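Trainee: A single structure is presented below for examination.
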Amino acid sequence: ARAGCIKVVHDGVELCGPLLLQRLLKAIADGAPASESGGIAVVMGTLACTQTLLINQYFHILFRISVHTKVQLISAIYRKALTVSSSGYAKVGTGKVNNLQSNDAAKLWNMPQYLHQLWNAPLKLVAIMAMLSSIIHV
C-alpha cells in the first residue's frame, strides 16, 4: 500500500512538469519578469529531484518485496523437494528440479515491480489524455 501511495504522488509530480513548462513558456512569451521565469525553473528542478527520490523509494520498496517473495518461494520449493523420495529424483533428475526452482523464482522476482502498473497505467493514461485535450482545446 505504501508503494502504491508513493507511485501516485510520483505520477502527480511527473504530470506537473508539462504544466509548469507550459507556464514557463507563456511567461517568457508574455515578457514576464526574470524572477517569475526563474522561480518556475527552480520549481521545475525541485520537482525533478523529488520525482527521482520518489521513484527510487518506490523501486526500493518493491525490490525488497521481490526479494522476500523469491526467498519464500525457494524455501517452499526446497521444503517440498526434501519430501520427494530418491526414486522420485531418479525419474526427474536433480538438475531439472533446480532448474524449475530457479525459473519459478525468477518469474516471481519481477512480478511485484510491475503489478502496480495494472491500476496505475490506465489512471495515468486518462490524466495524460485529459491534459492533451485541454492543450489542443478538444
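Trainee: How many angstrom lie between the C-alpha centres of the range 3-24 and the range 91-138?
Mentor: Centre-to-centre distance over Cα atoms comes out at 21 Å.
Trainee: Still on this structure: In Å and from the alpha-carbon atoms only, list the Rg and Dmax of the chain.
Mentor: Reported Rg and Dmax, both Å: 24.3, 83.
Trainee: Measure off, as a whole percent, the carbon and sulfur share of the 1.4 Å-probe accessible area of the range 2-54, all protein chains present.
Mentor: That share works out to 73 percent.
Trainee: Still on this model: Can you tally the net charge around Ile61? Count Lys and Arg as +1, Asp and Glu as -1, for every other residue whose Cβ sits under 10 Å from the Cβ of Ile61.
Mentor: +3
Trainee: About the Cα centre of the chain, how large is the charge dipole given +1 on each Lys and Arg Cβ and -1 on each Asp and Glu Cβ? Please answer in debye to the nearest 20.
Mentor: Here the size comes out at about 860 debye.
Trainee: Using only the Cα atoms of the range 34-87, each taken as one equal point scatterer with no solvent, compute I(q) by the Debye sum, divide by I(0), and report log10 of the ratio at q = 0.16, 0.17, 0.18, 0.28 Å⁻¹.
Mentor: -0.67, -0.70, -0.73, -0.97
Trainee: What does the extension gain come out to for Leu15 and Ala32, with contour length at 0.36 nm per residue minus their alpha carbon separation?
Mentor: Contour length minus the Cα-Cα distance gives 3.7 nm.
Trainee: While we're on this one: Using the heavy atoms of the protein chains alone and a 1.4 angstrom probe, what is the accessible area of the chain per residue in square angstrom?
Mentor: 68 Å²
Trainee: Taking the 0 to 90 degree range and rounding to the nearest ten, how far is the long axis of helix 94-115 tilted relative to the main principal axis of the chain, both from C-alpha atoms?
Mentor: Once rounded, one gets 20 degrees.
Trainee: Using the Cβ atoms and a cut-off under 15 Å, what net charge is assigned to the surroundings of Met111, where Lys and Arg are +1 and Asp and Glu are -1?
Mentor: Numbers: positive: Arg64, Lys70, Lys107; negative: Asp104.
Around Met111, the surrounding residues sum to +2.
Trainee: In Å³ and rounded to a whole number, note down the convex hull volume per residue for the Cα atoms of the range 52-119.
Mentor: Per-residue hull volume (Cα only) is 83 Å³.
Trainee: If you don't mind, there's one more thing I want to ask. In square angstrom, rounded to the nearest 10, how much accessible surface does Glu36 have for a 1.4 Å probe?
Mentor: Its accessible surface works out to 70 Å², give or take rounding.
The values are calculated or read from the model by the stated rules, or taken from the named source; none is laboratory data. Values in this document were obtained by computation on a predicted structure and should not be read as measured data. Please note: Cβ atoms are built from the backbone with ideal geometry, for glycine as well, and neighbour counts cover all protein chains shown. Heads up: the accessible areas ignore ligands, DNA and RNA and are worked out on the full protein's heavy atoms, side chains in. Shrake-Rupley method; radii C 1.70, N 1.55, O 1.52, S 1.80 Å.
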